[in-house]
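Below is one structure, written out as structure tokens, with a few remarks after it.
Just so it is clear, none of the values below were taken in a lab; they were calculated from the coordinates. Since the structure is predicted, the reported quantities are computational estimates derived from the model, not experimental observations. Note that we place each Cβ from the backbone using ideal geometry, even for glycine, and neighbour counts take in every protein chain shown.
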Amino acid sequence: MRNHPEVPARLIVTGHGLVLREWNEEDLPDMVDLFDDPQVALRTPLAAPFTLSAARDYLGRARVHQADGRQLQLAITTDGGQAKGEVRLNRSTGTISYIVGAAHRGQRLATRALLLMTEHAHDELGLSRVSLEIEPDNHPSVAVARAAGFRLTDAPPEVVTVRDRSYALHVWSHQPLA
């Protein structure tokens, strides 16, 4: 069976014991389980509470962003099945973000997903620099950044406000080995 040119192939990125894949309708309940979490609400602009309706909206936006080439929003899995988190790449800024569900933390999923998406950004998409934006008191994300070879830059932090909470995001950078 041939792929039709007007139907894009499903993106799958593998490595580091992970399969990163596009979200689908079957993932909606898992999205709710993963994203309806106080830590996710604290650190991200995602809807809180994150309901099934919010998951449907999120999936719709992810598909639009994927189709127009703005972002890659991929489910983190170990086998292509159940989503355990998400890794996202903003292709225009080179910024990566990630979320791992509470039930799946402590398995190095965030570090492995960040490594895999960083390699994909450099090797497949040709991005010379990728970055992260992390609050300085987000110690788990700082540890993930360091483990994946990112370094804190001297760029001034960006102050953002989400749900009446203002915070500073510090920039971490990764450049490919020469």
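At a glance:
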quantity: Charge-dipole axis of segment 12-127 as Lys and Arg at +1 and Asp and Glu at -1 on Cβ define it, positive-most pick from Gly17, Ala67, Ala113; calculated: Ala113
quantity: Amide N proximity, segment 151-171 versus Asp57 label position 7 Å along Cα-to-Cβ, cut-off under 15 Å; calculated: 163
quantity: Percent RCO, i.e. relative contact order, over the chain, from Cα pairs under 8 Å lying at least 6 residues apart; calculated: 17 percent
quantity: Loop-located trypsin sites (Lys or Arg not before Pro) in segment 147-176, at most 11 other Cβ atoms within 10 Å (DSSP); calculated: Arg163
quantity: Test item: Cα-centred dipole of segment 12-127, Lys/Arg +1 and Asp/Glu -1 on Cβ, debye; calculated: 340 debye
quantity: Label selected from (1) 9, 29, 27, 21, 11, 3, 0; (2) 8, 25, 29, 20, 12, 5, 0; (3) 9, 37, 40, 12, 2, 0, the criterion being P(r) over Cα pairs in 10 Å bins from 0, in percent as computed here; calculated: (3)
quantity: GNM result for the chain, Cα springs below 10 Å: residue of Glu135, Glu22, Glu86 fluctuating most strongly; calculated: Glu135
quantity: Ranked list, fewest to most other Cβ atoms within 10 Å of each Cβ, for Glu119, Glu158; calculated: Glu158, Glu119
